[in-house]
Amino acid sequence: MAEAASGQPASRPLPPGLDLLWGRRERGKRGPRPGLSAEAIVDAAVRIADAEGLEAISMARVAAELGFTTMSLYRYVASKDELLQLMFNASALGAESIVLEGDDWRSRLRSWAIIQRDMLDLHPWITQMSMPAPPLAPNSLHFVERGLEALDGTGLAETEKMRVIGLLASYTLSEGRMANDAARAMAAAQAQEGQAQEGQAQAVTAGGQSGGDGGQAPPLTFEDLLRELVDERTYPRLYRLAWASSPAESWSEREEYLAGVDLILDGVQASIDRAKRRA
């Protein structure tokens with residue numbers, strides 16, 4: 001490995017995107033445009049994605065939002081892929097100052113998972129992104145650092161702590177993605193229903209006949225669909241699951257998520273107990 005003049009290892013070039021995030025990219029020869037910066041570009045992109053989803057993001061759209069030409073953006077952000085990296089980092093802004101609530105590792109790590117889920121609910125477009133593994137953006141690493149901090153004093157090895165953090169993060173992302181997909185599907189169904197009702201209203205106006213009361217049935221739950229699809233002989237366990245409780249007793253999506261977090265934390269406690277026995 002090459003060494004700098006001071007005897008320390010020379011810095012190695014970072015991949016595109018990471019070099020910008022970590023301040024290692026050399027400034028281009030062209031001067032900055034007044035009122036435009038990488039931060040302004042990312043802020044505009046996040047606003048668009050929050051309102052319309054990740055599919056609305058393009059360099060041209062962000063440029064129009066800011067009132068600049070598309071080529072102006074390329075002075076600061078090299079590509080859409082790089083912009084997505086910057087947006088992902090921006091979604092975890094302030095992670096270094098997060099204070100985890102709780103008096104023990106379990107409550108603090110539960111708080112860490114809830115903060116991550118709240119972030120996904122605030123910026124649901126994150127669930128539409130390809131996730132870097134492992135995360136290397138500065139804010140993402142701050143968030144991982146806070147999660148590892150929650151496990152201080154547990155006796156777990158550093159690699160085991162990272163495994164716990166990865167498992168919780170993967171579970172939270174998976175649950176957030178399913179919730180976001182369900183919300184997007186419901187929004188699309190409601191839009192389609194609205195178009196159908198508008199067509200019915202136009203038909204009524206033209207023909208003088210009623211098209212129905214226009215009422216919209218509530219969305220079917222997983223249990224509703226199981227009750228429609230499975231029979232007791234072929235799927236006895238799923239059948240029992242489907243009829244185990246009434247719809248009024250069903251948990252909310254948030255309650256289901258937290259129940260899964262607690263199951264994972266039960267497993268972490270078992271790992272901690274094993275580590276103590278080994279010690």
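The values are calculated or read from the model by the stated rules, or taken from the named source; none is laboratory data. If you're wondering where the values come from, they're calculated on a predicted model, not measured in any experiment. So basically every Cβ, Gly included, is an ideal-geometry build from the backbone, and we count neighbours across all protein chains shown.
Annotations for the structure displayed:
- For the stretch 117-131, the count of residues that are within 30 Å of Thr221 (Cβ to Cβ) and of a type in the set (Phe, Trp, Tyr) is nonzero.
- Residue that is nearest to Pro124 (Cα to Cα), among those in the stretch 73-84 that are without any contact (Cβ under 8 Å) to a residue 60 or more places away in the chain and out of contact with any Leu (no Cβ under 6 Å at 6 or more places or on another chain): Leu84
- Exactly one residue out of Glu65, Glu145, Glu96 is touching a His at 6+ places or on another chain (Cβ under 8 Å) and of a type outside the set (S, T, N, Q), and it is Glu96.
- Some residue of the stretch 73-83 being farther than 23 Å from Arg254 by Cα, buried (at least 17 other Cβ atoms within 10 Å of the Cβ), of a type in the set (Asp, Glu) and not assigned by TED's automatic domain parsing to the domain that holds Asp181: yes
- Members of the stretch 42-69 found to be among the hydrophobic types (A, V, I, L, M, F, W, C), out of contact with any Phe, Trp or Tyr (no Cβ under 9 Å at 6 or more places or on another chain) and not in a helix (DSSP H, G or I), listed by number: Phe68
- Among the conditions (1) within 23 Å of Ser97 (Cα to Cα); (2) under 14 Å from the mean Cα position of the chain (by Cα); (3) in contact (Cβ under 8 Å) with a residue 40 or more places away in the chain, Trp125 misses just one, which is (1).
- Single residue of the stretch 85-101 satisfying the filter (of a type outside the set (S, T, N, Q) and touching a Leu at 6+ places or on another chain (Cβ under 8 Å)) that is surrounded by the most Cβ atoms within 10 Å (Cβ to Cβ): Leu86
- Looking across the stretch 233-258, the residues that are modelled with pLDDT under 90 and outside any helix (DSSP H, G or I) come down to Trp243, Ala244, Ser245, Ser246, Ser250, Trp251, Ser252.
- Test: residue in the stretch 189-200 that is touching a Ser or Thr at 6+ places or on another chain (Cβ under 9 Å) and at pLDDT below 95: yes
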